[in-house]
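Read through the structure below, which is laid out as structure tokens, and then see the notes.
The values are calculated or read from the model by the stated rules, or taken from the named source; none is laboratory data. Bear in mind the structure is a predicted one, so any value in this text is a computation, not a measurement. Cβ: placed from backbone, ideal geometry, glycine included. Neighbour counts: every protein chain shown.
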Amino acid sequence: MPEGAPSVIDSPEPAPAALVWFRTTSGRLFLRWSYIALLTVVAFHRSLAILVQATVGDTLNGYIWMVLVAGLLATIGIASRERRELPIHDRETDIIVGAMVLGVALLLHGVLLARYTVYFSLLRLDLVAMGWFVLGCTIVLFGLRPVIRYAPVWVIVLLLFPLPYHVLVVALGSNRAAAALATLVVPVWAAGICVGSTRRRALIGAAMALGVGLGVVAVMVAATPEAPLFAYQVVPSLTAVLVTVAVRFRRGSIQRPPPRELAPLATKQVWSAVPMVAVVAVLLALVPLPRMSVPSDVAVSGAGFWKPLQVPPGWHEERETEYPRVARLYGADASFIRQQIRADVGNPKWDKLSQPRLVVIDSISTRNPFAFEVYPSITLYPLPRSRVSPPRAVDLGAGVVGQLFSATDDQLLVTWNVMVWTWHHRSVAQRILMFSVDFHEDGAPIPEPGHSVPSVLNSLLVVLFRGNAAVSNQAAQFKDADMLAEVGRKVVAAQIESRP
């Protein structure tokens, strides 16, 4: 190069447009939320699959999808408003609080879930743990202050715990309309958040959503009474929140945000948190979930459902009772029939005095088979002081496999042996429960059907504070195992023979 000539410095090539976009605030938002979504799917893919299965099966837990949609809409509503907090770059508080929240998710999913195996579908603690996991990831990847700004949205996430929803549905009538009315709690809260730039506007939006939702429920009850349960849960609620947001936007209650750049993220340095949430996601993914039992795949006709069972030879019926209030747990058209049958002659193998034994049979017929998973048999009999044994499998013939339990009541000082099985015909199912009591005299106590919410809550608290040992009996006695197995085979054979 000649002396005195101007020096030429090669300018670096510009970065690709995609790389530049990922360095922007919107790009970082996209990356962080995508990372949270990916880890959530990895950690709870089985829980989400069970939720899909339950929704297809037309169970009440299908309302949870509306909770997720409402949470997303409420998040968009808050995000459209001006951000007021200052950027904070101190990571110590975020990491400490986020680690504590992620620890709660691990305890819920890894410890408490195993204690409530019987109540899995009624509590869905795995989905509650999913909410805590997302909250913990958000704290460590975005910071505590932005998370606090979205506090009303996290209140919606609390509705992932389905027990209060189930109680409300039962109180309202345990039918499709009751499920729709109970779900309206979700859009009413979400609409108030979306349009609630002030407290007055939030109340107006919530009232409008409630009115729209009630109107849609009334129309559906009159026009499509047989629509799927999931439609009753989603259509009124989603219509309510969307119509409310659209109307309030047109009236100017929701101000269109002026064009502006996204405010910088409050938390920039997140590399130390990325591996931590990944490890927690892997640990959550390793937690086994309770296996969902399915009705026995037996080719039986549904002609015998909703009717008393055919009494087998050698036995006669003494009493028959219906429990419509308990049957409502399994659907508006479900039935619950109790039959007390007694042997025609005594058997010295079953009673040392050869007294004719009494067996009580409860049969539940429903068009919603997955309801048997939501309300397990133990919830139908308010016995807060009973201890139940692990099940024993018993072959009842014709492809039916029953489960034999022993239940001991420490207050009544009696023990029951219970044989349970479920079979189905197309989209309907029937559950059979056969009881015998170790006290053979007349007047022996038999668990009385009658779903009791306080009793169930008491059992949940006992398990929480005392563990499964307080409600389980590992040294159970099965004195009537042979009798129930023989009677069960005769009952199964009698039903199959009597059905075309």
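Observations on the structure shown:
- Only a single item in (1) in a loop (DSSP other than H, G, I, E, B); (2) in contact with a Gly (Cβ under 6 Å, 6 or more places away or on another chain); (3) not aliphatic (A, V, I, L, M) is not met by Arg81, and it is number (2).
- When Leu86 is tested against (1) of a type outside the set (Lys, Arg); (2) over 30 Å from Val170 (Cβ atoms); (3) modelled with pLDDT of 80 or more, only condition (3) is not met.
- Unique match (being assigned to a helix (DSSP H, G or I) and touching a residue at least 40 places away in the same chain (Cβ under 8 Å)) among Leu108, Leu113: Leu113
- Any hit, the stretch 383-404, residues being among the β-branched types (Val, Ile, Thr), outside the structural domain of Leu60 (by TED's automatic domain parsing) and free of Cβ contacts under 8 Å to residues at least 40 places away in the same chain: no
- The stretch 23-35 - residue that is out of contact with any Leu (no Cβ under 7 Å at 6 or more places or on another chain) and at pLDDT 80 or above and, of those, nearest to Ala273 (Cα to Cα): Tyr35
- Residue count, the stretch 314-361 (criterion: of a type in the set (Ser, Thr, Tyr) and not in a strand (DSSP E or B)): 3
- Glu497 passes every criterion in (1) out of contact with any strand residue (DSSP E or B) (no Cβ under 6 Å at 6 or more places or on another chain); (2) of a type outside the set (Val, Ile, Thr); (3) at pLDDT 80 or above apart from (3).
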